[in-house]
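**Student:** To start, I am sharing the structure in question, which I have written as structure tokens.
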Amino acid sequence: MSVIYILLAIVLLGILIMVHEFGHFAVTRLCGIAVKEFSIGFGPKIWQRISKKTGTAFSIRPIPLGGYCMFYGDTDDDPKGESKDDPRNYNKAAVWKRMLSVAAGPLMNFVLAFAVAIWLMAAYGMVAVTPQISDVESGMPAETAGLRAGDVFLSVNGQEVADQSVQFVSEAIGSGAGETVEVTVNRDGEQKTFTIIPTYDSGLERYRLGVTITGAQPMPSSMVVPAAWEACKQASVAIVGALGKLVTTGEGLDQTAGPVGVVQLVAEETRQGGLEIYLSLIVMISINLGLMNLIPIPGLDGSRLVFMLLEALRGRPVSQRIESSIHLCGYVLLFGLMIFFTFKDVLRIFGM
């Protein structure tokens, strides 16, 4: 596996994390809440700049498998509540503002997935069409008879093929064993019929007219956005279904991977499929990241939203000490799972 594909996989994860954390940061600032630090990556900081205007520290850290947006007085930053009198304290902001700031991270992953899906559909999206000629080979019987690229097949030897597959049309043309083939096409709204004698291709061991037939064409611009939306919706349904089976029956647990496994998967799939597959993986993994963060697991955004919802319903927050302890337990659990799946990924890579 080439180093370049491994780097591309790491870049993909970095992009997803950066977008997620930027969602938290951007909405938090729009809501007028101060941000103590915005970091991409974990570990010791290798670069940091402190904004003279807001006092926010922007950091880059060496492990590109995470990131965070730290607030003043946040449950992680100040578990003892020592900065409760600080006017910048995150918990002093209205609960709806804090809920928006937390939900913005997963939301940005969905926005990224949708934007990339639009790019994917515009560049590679195809729609099924009636079999038609996409190319005519020079010097072959089809060119001599007058067939052109863009001609849409209507019938072959009197047999209607307008709603058939490309394979069906090809077999209908080659079924005559060298006999005359009568082809009727639609050209710019006008029906035309051609009588053609196929030539035998000894290399392919079949009779040919010398045309390339396609049953798909680039997606019209009017269909790009709806197709991208549908692709994201289908991906979301598939991921939710897979997560549900994983939790209820354990199905798919043997296929679950950690960061190392994800990097390996992305690198290998990108090597084989190129940019199209790389974009598809961004869509799938970004939606997966957004949905996973909305699950109410302690330490994730979904759990924070649950506590804030309780606060909104009760009219007062849950004890910060209790909430901090629950999130800490979640972090320990998640870190343990990451170590487990990383160990599992390494064993699988080395065939152990």
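Conditions (1) surrounded by fewer than 15 Cβ atoms within 10 Å (Cβ to Cβ); (2) in a loop (DSSP other than H, G, I, E, B), marked per residue:
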position: K97; (1), (2): no, no
position: F110; (1), (2): no, no
position: A122; (1), (2): no, no
position: V129; (1), (2): yes, no
position: G139; (1), (2): yes, yes
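**Student:** The conditions are (1) at pLDDT 85 or above; (2) within 30 Å of I282 (Cβ to Cβ); (3) among the hydrophobic types (A, V, I, L, M, F, W, C), and V129 fails exactly one of them. Which is it?
**Tutor:** (1)
**Student:** Give N186, N288 a once-over and let me know the one that is in contact (Cβ under 8 Å) with a residue 24 or more places away in the chain and over 30 Å from G336 (Cα atoms). Write out each step before concluding.
**Tutor:** Values: N288 fails: over 30 Å from G336 (Cα atoms).
It is N186.
**Student:** Under 6 Å between Cβ atoms, at least 6 apart or on separate chains: pull out the pairs that start in the range 231-253 with a residue that is within 15 Å of I282 (Cα to Cα) and end on any residue that is assigned to a helix (DSSP H, G or I) and polar (S, T, N, Q).
**Tutor:** That search, which allows pairs on different chains as well, returns I239/N288.
**Student:** With respect to P64, determine if the residue is in the same structural domain as Q320 (by TED's automatic domain parsing), within 26 Å of Y278 (Cβ to Cβ) and modelled with pLDDT under 90. Steps first, please.
**Tutor:** Details: in the same structural domain as Q320 (by TED's automatic domain parsing): yes; within 26 Å of Y278 (Cβ to Cβ): yes; modelled with pLDDT under 90: yes.
Judged against the criteria, P64 is a match.
**Student:** What tally of residues in the range 1-16 results from selecting those that are closer than 18 Å to N109 by Cα and touching a residue at least 60 places away in the same chain (Cβ under 8 Å)? Please lay out each step first, then the result.
**Tutor:** Step one: of the range 1-16, the residues closer than 18 Å to N109 by Cα are 9-16.
Cutting the leftovers down to touching a residue at least 60 places away in the same chain (Cβ under 8 Å) gives us 9-10, 12-13, 15-16.
Of the residues in the range 1-16, 6 are closer than 18 Å to N109 by Cα and touching a residue at least 60 places away in the same chain (Cβ under 8 Å).
**Student:** Restricting the range 6-55 to residues that are crowded, with 18+ Cβ neighbours inside 10 Å and hydroxyl-bearing (S, T, Y), which is farthest from A267 (Cα to Cα)?
**Tutor:** Per the criteria, the residue is T28.
**Student:** When you check L313 against the structure, is it exposed (fewer than 11 other Cβ atoms within 10 Å of the Cβ), assigned to a helix (DSSP H, G or I) and either at pLDDT 80 or above or small (G, A, S) (or both), yes or no? Please lay out each step first, then the result.
**Tutor:** Numbers: exposed (fewer than 11 other Cβ atoms within 10 Å of the Cβ): yes; assigned to a helix (DSSP H, G or I): yes; either at pLDDT 80 or above or small (G, A, S) (or both): yes.
Judged against the criteria, L313 is a match.
The values are calculated or read from the model by the stated rules, or taken from the named source; none is laboratory data. These figures come from a predicted structure and were not determined experimentally. Neighbour counts are summed over all protein chains in view; Cβ atoms, including those assigned to glycine, are modelled from backbone coordinates with ideal geometry.
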